[in-house]
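The values are calculated or read from the model by the stated rules, or taken from the named source; none is laboratory data. The structure displayed is predicted, hence computed values, not measured ones. Positions of Cβ are generated from backbone atoms using ideal geometry, with glycine treated the same way; all protein chains shown enter the neighbour counts. With ligands, DNA and RNA removed, areas are computed over all heavy atoms of the protein, side chains included. Shrake-Rupley method; radii C 1.70, N 1.55, O 1.52, S 1.80 Å.
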Amino acid sequence: QAQVVESGGGLVQPGGSLRLSCEISATYADFIVVNWYHQPPGRQRERVARISDGGSTDYADSVNGRFTLSRDNAKNTVYLQVASLKAEETGVYYCNVVHKWGNFWGQGTQVTVSS
């Protein structure tokens, strides 16, 4: 069973919105921090947002005000609401769970922003 599973990506027009989900195995639900990364085609991953176990959030300047983190503890899921998407935000979005027992990555979810 995968420890981290992302979903919610897809094709969206510029200016559109999506809600990305990061479902975390119950074993690792008491995480230290969950990071979301964006990897554009042919480029390195960059962190765009993170949420701590206490619920504090932090966003990259480029997405601040457009991306919003939330969590549903009953579902062991962290959400990233992405809005006002730009073409350059096309790529794979990865969820990274930092836990006392390790550092876990999902397989990513593809977001394509195109008209």
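How large is ³J(HN,Hα) for each residue in the stretch 98-106, as worked out from phi by the Karplus curve 6.51 cos²θ - 1.76 cosθ + 1.60 (θ = phi - 60°), to whole Hz, x for Gly and Pro?
9, 10, 4, 9, x, 10, 10, 10, x
Please list, by residue number, every one of the trypsin sites (Lys or Arg not before Pro) in the stretch 25-72 that is coil in DSSP and has at most 14 other beta-carbon atoms within 10 Å.
Arg43
Taking one equal scatterer on every alpha-carbon of the stretch 11-76, how large is log10 of I(q)/I(0) by Debye at q = 0.12, 0.19, 0.28 1/Å?
The calculated log intensity ratios at q = 0.12, 0.19, 0.28 Å⁻¹ are -0.36, -0.87, -1.38.
Considering only the other residues whose Cβ falls under 9 Å of the Cβ of Ile51, what net charge follows from Lys and Arg at +1 and Asp and Glu at -1?
With Lys, Arg at +1 and Asp, Glu at -1, the neighbours total 0.
With all protein chains present, calculate the accessible area of Ser25 using a 1.4 Å probe and round the result to the nearest 10 Å².
Ser25 exposes around 20 Å² with every protein chain in place.
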